[in-house]
Amino acid sequence: MSLRYFPLRSRRDGSLASRSSRGGTASSGSIVIHGNLRLTVLTQSIIRIEWHPQGLFEDRLSSAVSNRNLDVPQFERFDDSGILRLKTPAVAVDYSGKGSMPDEHNFSVRFDCGGVQGCWRPGLPDSGNLLGTARTLDSFKGCFKQLGQGFLSRNGWVLIDDSGTPVIDKGWVTARTEAGFDWYLLCHGRDYKKALFEASLIFGRQPLPPVWSLGYWWSRYWHYTGAELETLVAEHETHGIPLSVLVIDMDWHKEGWTGFTWDERLFPDWRGFLVRMKKSGLKITLNLHPAEGVGAHEEAFQDLERALGLPHDPLRRISFDCTDRGFMKAFFDVVLGPLENSGVDFWWLDWQQGDRSSMPGLDPLPWLNRLFFENMAGNPGSARPMIFSRYGGLGSGRYPLGFSGDTYANWDALDYLPFFTATAANALFGYWSHDIGGHFVERNDPELYTRWVQYGVFSPVLRTHVTKAHFAERRLWNYPEPYSAIMRSAVHRRYHMLPYIYTECRRAYDTGVSICRPLYYDWPEEDEAYRNMNSYCFGDEMLVCPVTRPVEAETGLCRLKIWLPPGEWYDETAGELLHGGRTIERYYSIDEIPVFIKSGSVIPGQLSLGPIKSGGFDPLSFSIYPGCSGEYTLYEDDGVSNAYPAEKQLRIELNHVAGPCGDELLLKSAAGSYRGFRKAREVEVHFYRKSPPSSVLWDGALLPFSNVREGPCWAYDGNELCVILKPGRVDITRDHCARIESSSVEDSSLNGWRGIMKRMKTVYSLASLAFCGLPGERELADAALTGKRISLCPETLEGEMRRFRERLPGLELILKQLQESTGTARMRSQTAKAQAVFSLLR
């Protein structure tokens, strides 16, 4: 028997580290060879298992695996009478095959990790796999889509078979031999977050997308002219809808499925068009279907012939071959390169030509994703690379973003997206971009489109889209009210959340845990976390359950049953602090999105709706939610360069201290820096579900009250029950403290007030059209303005709340009498909806 020990080196934060940023062959200290079997101990819970009849093992990386060069884990090896045994703190491997192929009789791996004990043998089915994602949702109408394998399983282990995956030899793809097998066994128990982190070390981290990619994208399959697109961009500005990315579908190029030359009938001044779009702060992506190659009609045709050493032939079409290294280099250099130099920021690679190529075993899609991404990364002076393409299997998360294809515009398709998007996190694929609104559309449904946009705000990428149908509409301002205003408000919400979203995307890079992920990551022992497929975590602090069903015609409300995980949660719609570990029933109107925030959370935001710029968000806002104390670390970098994996970044610790005499927010001095960093920022701090304070301090100095919110001051929002601190422009490289002193108003009386005020306004809005001189309108209007009066005079809070509740029976009677007096069917319907919403106030 022989015994060997290997120490495990870790990062300062306790996590495992890659020994080389380039990845590559595993350390010899991690490898154990026993006849025709090779075991590589990659981590304490991940074992690579190779067997080859001639003992020929593969050291090259594959299209799925990007790194094996990790610190050597601690493990022991025993050789006992021809039986090989390996043991780490998490797994124990036994092999008695004496060089023969491992099978269920001679090979086993026992594991004890993540709260689960078990044993894996070859051939054991993974019945508990929690799934990954699919290549595309093209033509998806809803219900269910067959999903591929993910890295997580309720069984506590996952086997990844990399045997048939092409390998990378000297930077280029190569078919591997078919003999033998190449497996990766991941044993994680129910510690799903650790499993994803360790998988990301081997199958690749998810790069941080450029910050501008998290804004609003306009996309439509339409034969736009350049002038029409410029008008469209101007209309977004006119209607107060921020825009970050302009997607131009395939009609940008000359007629045909494949094209690389601007159609100057539609874009006579395409260079000037790109310049003007850049001045508007927009990023540009163009659709590509490259499969049919480069024809003689393309501007770059003769340059490509020369680059490939071909004689000129005007009848030739140069075939597109992604396995030909020389062709792909020339294609990027002389076909796409000039377009990129003119202002194209990234490519929409719309590959739909199947999964076979001239190389055995090579699916073109994942290989093209890699080539396009690395080409963008390798351009001199290039910004942070990004592509826009379909999913190509495990390892695809290294090349964001994902295009999920052409879905149908219906409720069933929308209902599936929250589950589909969150589950993709199990495959380290966290950046799906869906056709928000649906591609194939039969009619414009304002309610359906509104709900789809609301979901898009809480998805990785917000990109509206529709097919080439004359009646189809995606311009938010062309929908009737209230839908237009609701969608505009939703897009604004997206921009307000960008500091939080960007921070959570950085966490995805660091930890492997995507911003949209299933509930069972945090509550793996709760069966409800697996059953509730429409709810998901949006970052570390939020739980979202989008409304994906139409409202009831009679009430204008949608009834949902929502499981809240254990703990305390702030119901953002109602303004209510709730105990979790139970299922609640709630009713939602068209302007409401079910969002629940962890008790005591600090959520960073921004107040600007302009173009997303580097240098940090300004003005910054910090929202403090009721309950216990909490903390958060805001992350920033320049948003566009590749410097973020190193030290070109900044973090601000935010600590919320909840006490019996008041609440504090401690902003620690910003740690770090980056190119373009601005240390002076406008700052606002919002304390939610709070009564008017007896005093408000910033850095120990009293702030005066101002109901017009001018100058360094504090203000109060009587609808939100929110104390707002406006200290002005501050230096975020210094420590700061915001403090509010408690008043005497009972905390229990504040619960739910936000929802009451919001719905009272809805009641008045629905009922006001039906009054037509009938009595009671003034009383309803007065009740709806209760929060406004409190905002102007916060000291009236207790009296106004008491007066409002005393008036509820009378208001109910007014609505009943209005219903009885209303003549037309439309007005009766409006009044009935007003009564339904009003019933929720009681």
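The values are calculated or read from the model by the stated rules, or taken from the named source; none is laboratory data. Keep in mind it's a predicted model, so treat the numbers as computed, not measured. Cβ atoms come from the backbone with ideal geometry, glycine included; neighbour counts cover every protein chain shown. Areas reflect the complete protein model, heavy atoms only, side chains present, ligands, DNA and RNA absent. Shrake-Rupley method; radii C 1.70, N 1.55, O 1.52, S 1.80 Å.
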Worksheet item: LEU365 is checked against (1) over 18 Å from GLU298 (Cβ atoms); (2) part of a loop (DSSP other than H, G, I, E, B) and fails just one. What number does that condition carry?
Response: (2)
Item to complete: Output the number of residues of region 561-588 satisfying the condition of being over 23 Å from the mean Cα position of the chain (by Cα), under 24 Å from ARG759 (Cβ atoms) and open to solvent by 10 Å² or more (accessible area, probe 1.4 Å).
Response: 12
Discussion item. Looking only at region 309-341, count every residue that is loosely packed, with under 15 Cβ neighbours inside 10 Å and assigned to a helix (DSSP H, G or I) and tell me the total.
Written reply: 5
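Residues checked against (1) of a type in the set (A, V, I, L, M, F, W, C); (2) at negative phi:
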| residue | (1), (2) |
| --- | --- |
| ASP251 | no, yes |
| GLY272 | no, yes |
| GLY293 | no, no |
| GLY309 | no, no |
| VAL335 | yes, yes |
| LEU349 | yes, yes |
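In this structure, is MET359 open to solvent by 20 Å² or more (accessible area, probe 1.4 Å), of a type in the set (A, V, I, L, M) and part of a loop (DSSP other than H, G, I, E, B)?
Values: open to solvent by 20 Å² or more (accessible area, probe 1.4 Å): yes; of a type in the set (A, V, I, L, M): yes; part of a loop (DSSP other than H, G, I, E, B): yes.
Yes: the conditions hold for MET359.
Show me the helices (runs of 4 or more DSSP H) entirely contained within region 743-819 in which 3 or more residues are of a type in the set (Gly, Ala, Ser). Spell out how you get there, then give the answer.
Numbers: elements: 753-771, 777-784, 786-792.
Result: 753-771, 777-784.
In the set GLU292, GLU305, GLU299, which member is buried (at least 19 other Cβ atoms within 10 Å of the Cβ), of a type in the set (D, E, K, R) and farther than 30 Å from LEU609 by Cα? Full working, then the answer.
Working: GLU292 fails: buried (at least 19 other Cβ atoms within 10 Å of the Cβ); GLU299 fails: buried (at least 19 other Cβ atoms within 10 Å of the Cβ).
Among GLU292, GLU305, GLU299, only GLU305 is buried (at least 19 other Cβ atoms within 10 Å of the Cβ), of a type in the set (D, E, K, R) and farther than 30 Å from LEU609 by Cα.
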Response to the item:
Picking from THR822, THR831, the residue that is surrounded by 21 or more Cβ atoms within 10 Å (Cβ to Cβ), over 43 Å from the mean Cα position of the chain (by Cα) and of a type in the set (Val, Ile, Thr) would be THR822
Fill in: Failed condition for GLN649, given (1) assigned to a loop (DSSP other than H, G, I, E, B); (2) open to solvent by 10 Å² or more (accessible area, probe 1.4 Å)
(1)
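Tell me whether region 778-793 contains one or more residues that are under 33 Å from the mean Cα position of the chain (by Cα) and either of a type in the set (S, T, N, Q) or surrounded by fewer than 16 Cβ atoms within 10 Å (Cβ to Cβ) (or both). Quick ask: steps written out before the conclusion?
Of region 778-793, the ones under 33 Å from the mean Cα position of the chain (by Cα) are none.
So far as region 778-793 goes, no, none of its residues is under 33 Å from the mean Cα position of the chain (by Cα) and either of a type in the set (S, T, N, Q) or surrounded by fewer than 16 Cβ atoms within 10 Å (Cβ to Cβ) (or both).
When region 808-826 is examined, which residues are found to be of a type in the set (Val, Ile, Thr) and over 19 Å from THR762 (Cβ atoms)? Give the steps one after another, and end with the answer.
Here is the first cut: in region 808-826, the residues of a type in the set (Val, Ile, Thr) are 814, 822, 824.
Answer for region 808-826, where residues must be of a type in the set (Val, Ile, Thr) and over 19 Å from THR762 (Cβ atoms): just THR824.
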Item to complete: Kindly indicate the residue of region 686-715 that is out of contact with any strand residue (DSSP E or B) (no Cβ under 6 Å at 6 or more places or on another chain) and open to solvent by less than 20 Å² (accessible area, probe 1.4 Å) and also nearest to THR796 (Cα to Cα) among those meeting that condition.
Response: SER691
Worksheet entry | Residue ID - modelled with the lowest pLDDT, chosen from residues in region 168-209 that are among the charged types (D, E, K, R) and more than 20 Å from the chain's Cα centre (by Cα) | GLU178
Practice prompt. Filter region 56-92 down to the residues that are open to solvent by 20 Å² or more (accessible area, probe 1.4 Å) and of a type in the set (A, V, I, L, M, F, W, C), then identify the one that is nearest to PHE197 (Cα to Cα).
Written response: VAL72
Worksheet item: Pick from region 498-523 the residues that are open to solvent by 30 Å² or more (accessible area, probe 1.4 Å) and either acidic (Asp, Glu) or not in a helix (DSSP H, G or I) (or both): which of them is nearest to ASP638 (Cα to Cα)?
Response: ASP510
Item to complete: Go through the residues of region 251-269 one by one and say whether even a single one is of a type in the set (S, T, N, Q), over 20 Å from HIS439 (Cα atoms), in a helix (DSSP H, G or I) and out of contact with any helix residue (DSSP H, G or I) (no Cβ under 7 Å at 6 or more places or on another chain).
Response: no
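Take the residues in region 729-745 that are touching a strand residue (DSSP E or B) at 6+ places or on another chain (Cβ under 8 Å) and at pLDDT below 95; name whichever of them is nearest to ASP618 (Cα to Cα).
We begin by selecting, within region 729-745, every residue touching a strand residue (DSSP E or B) at 6+ places or on another chain (Cβ under 8 Å); these are 729-732, 735-742.
Pick out the ones that are also at pLDDT below 95 and you get 741-742.
Details: GLU741: 27, SER742: 29 Å.
The qualifying residue nearest to ASP618 (Cα to Cα) is GLU741.
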